[in-house]
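A short write-up of the structure that comes next.
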Amino acid sequence: QVQLVESGGGLVQAGGSLRLSCVASGRTFRNYAMGWFRQAPGKERDFVGGISWSGDDTYYADSVKGRFTISRDNAKNTVYLQMNRLKPEDTAVYFCAADSLSYHFVLPGQWDYWGQGTQVTVSS
């Protein structure tokens, strides 16, 4: 089992920035690709981006490309989501996920482990 705990969410004005963190425990962190998803009220959970086991490769949804950056620190068992130039449509609960096979999986059901999520609200 892998336990994931997100933090760093909050309320920010449009154009601002936030950095989310996700700390993993339970199994060897570097053996898992990591991803971020988000879910707005009444909507499905959408892929935001993923990062490879080493952190050398990343993959993003078109909606966040150029604004969001995923990174990881394997020594701290932590993955980050740096969000810049935030828009009201970025408002959602953000979840981190772990999977042993791929960081390109865009469907939630393809990921093995999930955190509880952290709320991000962007005001206009």
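The values are calculated or read from the model by the stated rules, or taken from the named source; none is laboratory data. This one's a predicted model, so the numbers in the text were calculated from it and none came from an experiment. Cβ coordinates were reconstructed from backbone atoms using ideal geometry, including for glycine residues, and neighbour counts include every protein chain displayed. The protein model used for the area step is the full one, side chains on, heavy atoms only, and it has no ligands, DNA or RNA in it. Shrake-Rupley method; radii C 1.70, N 1.55, O 1.52, S 1.80 Å.
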**OP:** For every other residue with a beta carbon closer than 15 angstrom to the beta carbon of G8, add +1 if it is Lys or Arg and -1 if Asp or Glu, then tell me the sum.
**Re:** +1
Original post:
Tell me, what ³J(HN,Hα) does each residue in segment 94-111 have, in order and in whole Hz, if you take phi through Karplus 6.51 cos²θ - 1.76 cosθ + 1.60 with θ = phi - 60° and put x for Gly and Pro?
Top reply: 9, 10, 9, 9, 10, 8, 7, 9, 7, 9, 9, 5, 9, 9, x, x, 8, 9
Original post:
Considering only protein heavy atoms, what per residue accessible area in square angstrom results for segment 46-124 with a 1.4 angstrom probe?
Top reply: 48 Å²
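Taking 1 over the mean of 1/r across every pair of different Cα atoms in segment 25-74, what Kirkwood radius in Å do you get?
Values: mean 1/r = 0.0837 Å⁻¹.
It is 11.9 Å.
Which value does Rg/Rh take for segment 17-124 over its C-alpha atoms, Rh per Kirkwood?
That ratio is 0.94, to two decimals.
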Original post:
What ³J(HN,Hα) values, in whole Hz, does the Karplus curve 6.51 cos²θ - 1.76 cosθ + 1.60 give for segment 49-57 when θ = phi - 60°, with x put for Gly and Pro?
Top reply: x, x, 9, 6, 4, 8, x, 6, 10
Subject >> With all protein chains modelled, accessible area of S7 [1.4 Å, Å²] >> reply: 60 Å²
Original post:
How much of the accessible area of the chain, in percent, comes from carbon and sulfur atoms when a 1.4 Å probe is used?
Top reply: 46 percent
**OP:** Would you mind checking which residues have amide H under 5 Å from D112's amide H? H placed 1.01 Å from N; only 5 or more apart, or other chain.
**Re:** A98, D99, S100
**OP:** Quick one: which residues, 5 or more positions from T91 or on another chain, have an amide H under 5 Å from its amide H? H modelled 1.01 Å from N in the peptide plane, none for Pro or chain starts.
**Re:** V122
Original post:
Per-residue HN-Hα couplings for segment 63-68, Karplus 6.51 cos²θ - 1.76 cosθ + 1.60 at θ = phi - 60°, whole Hz, x for Gly and Pro?
Top reply: 5, 10, 4, x, 10, 10
